[in-house]
Structure formats: C-alpha cells, structure tokens
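Input: a single structure, listed below in structure tokens.
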Amino acid sequence: MARTVTRNQTLEEFRGNYNKLANDVGTISGLVGTINNNNNLVDAINELENKTFFFDNFTFTATASQTVFNSSHEADNKTVKLRNGRFQVFKNGSHLNEGNDYSVGAYSSGISSSITLNSGASAGDIINIYTFTGSVVGEGGGAGSGTGQFTETAANTIYNINDSGVILNGSSSGRTTVLESGYTIQLAGKTFAEDDVISTVSGKKVQFPIVSDGTATITGGVGSGFSSITSTAFAGNLTGNVTGDITGDVKHGGSVVLDASSGALTGTVSSISNHSITGLSDVNGTPSDGQILAYNAGNSRYEPVDKQTTTTVTEGTNLYHTTERAQDAAASMITSATHSNITVSYDDASNTLAFSAASQYDNSNVQSYLSGGAGIDFSNSGVISVNTSNGVKIDGDDVELDYEVVSSAPTGVGSSSVGHLWFVIWYAWRNLYKSRVCFSTTVPRSNNKECTRTKYKKY
C-alpha cells in the first residue's frame, strides 16, 4: 500500500509518513550512471530505463590458424570492448562457449579488448562477437580508446558523452577516425543544411576556403560573381565599375569626396577625358576659334577672350623690339665710344651714321712722305731698288755675288767690274791607270799639277 497523506492527518503524521517514504526510496544521487534529466525521481528512472540496453557487433574474417581477435582485426575498424558476462561469440554462425572454445583477454575495470580461440581458425572463417554493453559503459568506435556514445534524453534530444570530440561519418566506406587538430566536431562527408546555420556568440566565425552560392564566390579574400552588394556602409578600396546608384557619401580620410545628395565631386581624379572643360563650374561661356581662357575677377570665373598680340598686350618692364629702338641703341653705342681721329654723327631722320677722319691719305701723299735710305733708291712711281757695287749685283729678283767659274786664273781684270770674283777649278791627272780625277777646292799657289787638298773619284 502506497504511503499517502490524508487531509485529516496532522503535521506530525505527515512528517512521519514522508520520512518512511524517503527511507524506502532513497535520493536521486544514489542512482548509478550519468543522469541528466533529474528533475524528479520518475524522470531519472525513465532515463535509466532508456539506457539499460546497448547492443553491438564486432566482425572478423580469420586468416589461416588465427587465434587472437582484437581491434586490429575488426572489419569495421571498431575498438573491441567486451563487458564481463555481457557478450556472445559465434564462428560461422555457430555459438562458441567460453572455456571450451575460447578464452577472454584480461579485464580492466570490467572491460576486455580481445578473445583467443583454443584452436586456430581456418582462412575465411567469420567470427562475430555480439556485445550487451549497456549504454553507460558503451563501446568505442574506430581506433580510439574512449568509451563514449550517444544518449537520448527524456526531451528526445541526443548528446554524446565521449571525452575528445565527435566525428560524423557520412559513409561506412573509408571512415574518418582521426579529428583534425584543434577541433572537437568534424563532419566527414558532403554536408547539406536545409535551414540557417547561425552563431549568436560574438566573435565566432564560419570559415571555408571557398564560399559560394553557385553564382558568386569568396575565396582568398577576393569576391567575384556578385550581381549586387547591399550594405549600410562600405569600407576599403573599390576596384571596377559602379553601375548602380550611390545612396551615401563617398569619403576619403574622413572628408566627403562625392556628395550623394548633390553629386558634387571633390578631390582629384586620374582622368577627365570624357568631360568638357566648359562643363566646369568656374568656366563661363563658349569659346570661338583662336580664343583663350582668361580669369575674370568680377565673376570669379574663367572666360574665353581673344588672344593678345604685341599690339594689344600692355608693355611692361621688358620693352618691345622695334627698328627705331635698335637704330637708336646702335647709334648711341657708337657715338658715345672713344675714337682716334674719327668723328661719328647720327642722322635720326634718315637713320644713317656718318664717319669722318681727321686726315686723308692717297698715293701721292705716301710717295712724297717716303724717301730712300742708305743703299736704297726710291722713285716717285713707288718703286724701291737696291744700289750694288764691289762684287754684288742684281740678278732678276735676287741680290747675289758677282762671280764666275774658270779653269785657269785670269791674267788681268779686263772688262770685269771691280770686285768681280773668279773661282778656278784645277784638274790634276794622277794615276791614269786607275782613272781618277782630282778636284781642288783651293786656288793653287803655282802652276804645278798638285792640289793642296785632293779628292779622288772613279772616272
């Protein structure tokens, strides 16, 4: 009979019945295993009931004479975990008995990791181990050594209680068994999300080498294929053409360079090739052929005006060149200079310079001024001659000695002039056999045939 409290019982009677109930049932903390739904005793018991049974299968394909079967031989790469007294072994579908047919590896905390057949199996024999582990103890998958598994709560949610992360494989073929370094949850397989993937935690991110919706992509920090970008603010460099409207101001260094409301552009641009200069706000009027722009301070604008010439441009400190100015400057330079026996006058009306010397000379002046000196004769015709005597004579354009060459000394002067010189060449014959001629360079002292100085030459 359940222990209940009626309306007519006193407080003391209620206390006594409650204490008896507490002693019969105990507290939730006395339950064995991990209990997450512990709002009350009934919820805790229901969660334990859901965990009381867990079934798994380890499969092995034997080689010839194989006896030991453990995790390294498991067909699905699962870690073998056998709870004491809660497994069965089959060979080619036949049940094997512990002791008679096989032995179990050493237990650690009630868990073994291998069995050993008493007789070696044949090649191709199938060994199956069916485990009844209980979900609290569990069996580890893959090559790990943990004891984790998934558990369903009373709220029909599933969670894992393993220690080092979760790998969700999308296929039994080529299972991933090792987590990437630095991560605790890994999806091994092509993943599709039917709804939003959202993180509400500040500073968290979704990171992929390529993010794409099939049209636009973002990879390596570069976005491409976007038909439009909507944002309340755009920061950073913009490359390419902007074909849509800009609804906000464009700023540079905090200053507005493009006013969105007026379209006014400030700052500098690299090119205005597609703009007309007459479209600038400070240019007024349309120019005609040959005109130039001149600033008008009255309206603070540049306006087209006719090009000025030397006729229309006001003369400043640099004076214009004129023929009259050049003539006056040349005349002043000459007439102001110092001259000897020369007088210069400038006729500005006729643009001429007149030079006059103090004295003028002609041929007669020069001839009358010149006279012959010693040995020089000068005629009024302008001819200058040289007087000769005593062995000097005029021969054409030359003044030379008056001489002649003879073979013998003259016996007398005869008709020769005073100072006339004779050069006697004396031929002396010696040694006719050798045919040599003697040339004397001195006049012999006597008529003998000897030379004072003799040179011999073959005849």
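The values are calculated or read from the model by the stated rules, or taken from the named source; none is laboratory data. It should be emphasised that the depicted structure is a prediction, and the values quoted were computed from it without experimental measurement. Glycine gets a Cβ as well: all are built from the backbone with ideal geometry, and neighbour counts include every protein chain shown.
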ask   = Within the set of pairs 6 or more residues apart or between chains, which connect a residue that is surrounded by 11 or more Cβ atoms within 10 Å (Cβ to Cβ) inside region 367-378 to a residue that is hydroxyl-bearing (Ser, Thr, Tyr) and at pLDDT 75 or above with Cβ atoms less than 8 Å apart?
value = ILE376/SER385; ASP377/SER385; PHE378/SER385
task = Would you be able to say whether some residue in region 288-295 is among the charged types (D, E, K, R), exposed (fewer than 10 other Cβ atoms within 10 Å of the Cβ) and under 37 Å from the mean Cα position of the chain (by Cα)?
result = no
inquiry  = Return the residues of region 1-25 that are at pLDDT below 65 and exposed (fewer than 11 other Cβ atoms within 10 Å of the Cβ); say none if nothing qualifies.
reply    = MET1, ALA2
key: All positions within region 198-256 that are loosely packed, with under 11 Cβ neighbours inside 10 Å, modelled with pLDDT of 80 or more, not hydrophobic (A, V, I, L, M, F, W, C) and not in a loop (DSSP other than H, G, I, E, B)   = SER224, SER255
query = Which of (1) at pLDDT below 75; (2) in a loop (DSSP other than H, G, I, E, B) does SER340 not meet, given it meets every other one?
reply = (1)
